[in-house]
Amino acid sequence: MPIDRRYPGKVVIKNIGTLVSGDWDKGILEADTIVVDNGYISQIGKQEKLDLTAADHEIDVDGQVVCPGFIDPHVHNTVDDYAPMTQTVNWMECYLWYGITTILSEGEQGPGYPRFFDDPIGAKATAIAAKRIFDNFRPGGFLKFHGGALVLVHGLKEEDFKEMSEAGVWLVAEIGGGGVYLPEEACPMIEWAKKYGFKISTHIGPASIPGSSPVFADIALAHNPHKYAHLNGGSTAAPWADIQRILDERDQSSYVEFVAVGNQKMADKIAAYMRDKGQLNKIVFGSDTPTGQGAMPNCIQRMVMRMAAFDDIPPAQAIAMGTGNTADLFGLNTGKIEVGREADILAIDSSHDAVGKDALEAIKLDDTFGVSMVMVDGQVCSVKGRDGRPTRRFISIDGEKVFHDNINEYLFGPYFPGYLR
Ligand SMILES: [Zn+2]
């Protein structure tokens with residue numbers, strides 16, 4: 001049974017300056033208060049109109065912007081919180097403390113992993129093991145990590161997809177990122193995967209590592225994936241002619257991903273093209289880390305700032321590209337401030353002495369914002385990123401201000417350990 005860290009009780013989050021829904025269509029909500037019951041959002045509205053009686057805890061965010069926790073749908077992890085390529089330890093924890101509350105694997109990789117040896121038994125076993133490890137392990141105590149993305153390799157059969165599905169596996173790692181990718185080989189496997197409810201992602205662009213493959217319009221469109229991974233390059237972009245064909249000819253319900261380590265100029269060009277087609281709600285942000293380029297705890301936030309500052313996307317909609325759009329793509333019950341959703345909630349703010357007076361103004365200016373509260377399932381698990389931007393304002397829990405002003409704690413110190421447990 002997957003672990004469940006929901007806080008059993010009622011928590012009120014009040015004095016919200018601006019409430020960003022994470023929902024592309026709804027944008028900013030007319031509300032200053034959220035009530036969380038047993039880890040789920042139960043009420044949203046103006047404080048005077050809500051039932052705040054019998055609250056176990058009260059969190060005052062002092063007029064800050066509140067939004068859903070960010071989702072990173074593109075990482076290449078090992079089976080633990082360690083990245084051997086960059087010798088990075090506890091990178092998942094750092095992502096959590098900076099406001100990424102959910103991560104999805106795009107294919108586990110590490111020295112000797114079966115995916116690199118075209119080993120169907122090993123690839124299947126890795127997917128099942130990683131899925132189940134992260135059901136039992138929440139990095140930093142709270143991060144929702146969806147591990148176990150299957151890499152398609154020669155020899156996988158329909159009954160393997162059935163078996164993996166029954167074991168809980170539901171993600172196919174970016175096709176072309178390693179293993180089988182030619183349509184005549186991959187498409188039968190994709191059909192089996194879809195039959196058993198898997199979400200499909202396709203790597204777009206030149207090969208990125210030995211064993212990965214160049215995937216341009218013909219092959220990608222034949223895969224017909226749910227997500228066109230790193231359409232802005234992972235890390236190198238495809239030619240515009242291929243990208244344009246994908247944008248024109250893809251199933252229009254599919255999603256397009258921009259990654260933080262990709263080509264920003266291409267992301268801007270794609271966004272402009274999708275704006276003309278009324279398709280901006282089909283963009284999601286990922287990181288494609290910590291693969292060769294290191295950990296980047298503010299990867300999704302960086303994309304939010306870039307797209308809002310340089311592509312004239314309203315900050316609330318840019319936040320939706322890193323939260324609600326991704327939740328829609330994967331059918332996750334997080335990523336939006338909405339009654340019934342898991343209470344994965346951030347308070348964010350501009351830095352003191354910054355030009356922008358709140359996080360949304362900072363985003364519009366491409367100024368990095370800080371995180372003064374990371375809540376997962378109704379529990380506060382961090383009040384800062386490690387070396388995140390300091391915030392202008394802080395949260396108070398039950399009347400007590402909670403923040404780090406000690407340089408050792410701030411740069412190296414502990415995350416905020418489950419105040420509401
Ligand atoms: Zn890729």
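We did not get these values from a lab; they are worked out from the coordinates using the rules stated. Source: prediction; values computed, not measured. For neighbour counting, all protein chains shown are included, and Cβ atoms are generated from backbone atoms with ideal geometry for every residue, glycine included.
A compact table of results
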item: For THR18, residues with placed amide H under 5 Å, excluding near neighbours; result: VAL65, VAL66
item: Extension gain (nm, one decimal) between ILE209 and LYS401, 0.36 nm per residue minus Cα-Cα; result: 64.4 nm
item: Ascending count of other beta-carbon atoms within 10 Å, so fewest first, for LYS195, LYS227; result: LYS195, LYS227
item: Least to most buried among VAL402, VAL339 (fewest other Cβ within 10 Å first); result: VAL339, VAL402
item: Cut-off 11 Å between beta-carbons: net charge of the residues surrounding GLU249, Lys and Arg +1, Asp and Glu -1; result: -2
item: Max mean-square fluctuation residue, GNM over the chain, Cα-Cα springs under 10 Å, options LEU50, LEU96, LEU143; result: LEU50
item: Contour excess over end-to-end distance, with Cα ends at ILE3 and GLU361 and 0.36 nm allotted per residue; result: 125.1 nm
item: Label-point separation, GLU409 to ASP312 (7 Å along Cα→Cβ), nm; result: 4.5
item: Within straight-line cross-link reach of LYS195, lysines at Cα separation under 18 Å, skipping those fewer than 8 residues along the same chain; result: LYS124, LYS157, LYS162, LYS227
item: Mean ellipticity per residue at 222 nm, deg cm²/dmol - from DSSP H runs of n ≥ 4 across the chain, formula -39500 (n - 2.57); result: -8000 deg cm²/dmol
item: Most mobile of ALA193, ALA149, ALA354 in a GNM of the chain (Cα contacts under 10 Å); result: ALA354
item: Among HIS57, HIS230, HIS203: highest mean-square fluctuation, GNM of the chain, C-alpha pairs under 10 Å; result: HIS57
item: FRET efficiency, THR86 to LYS46 (Cβ-Cβ, R0 41 Å, nearest 0.05); result: 0.30
item: Residues ARG250, ARG389, ARG132, ARG275, sorted so that the one with the fewest Cβ neighbours within 10 Å comes first; result: ARG275, ARG132, ARG250, ARG389
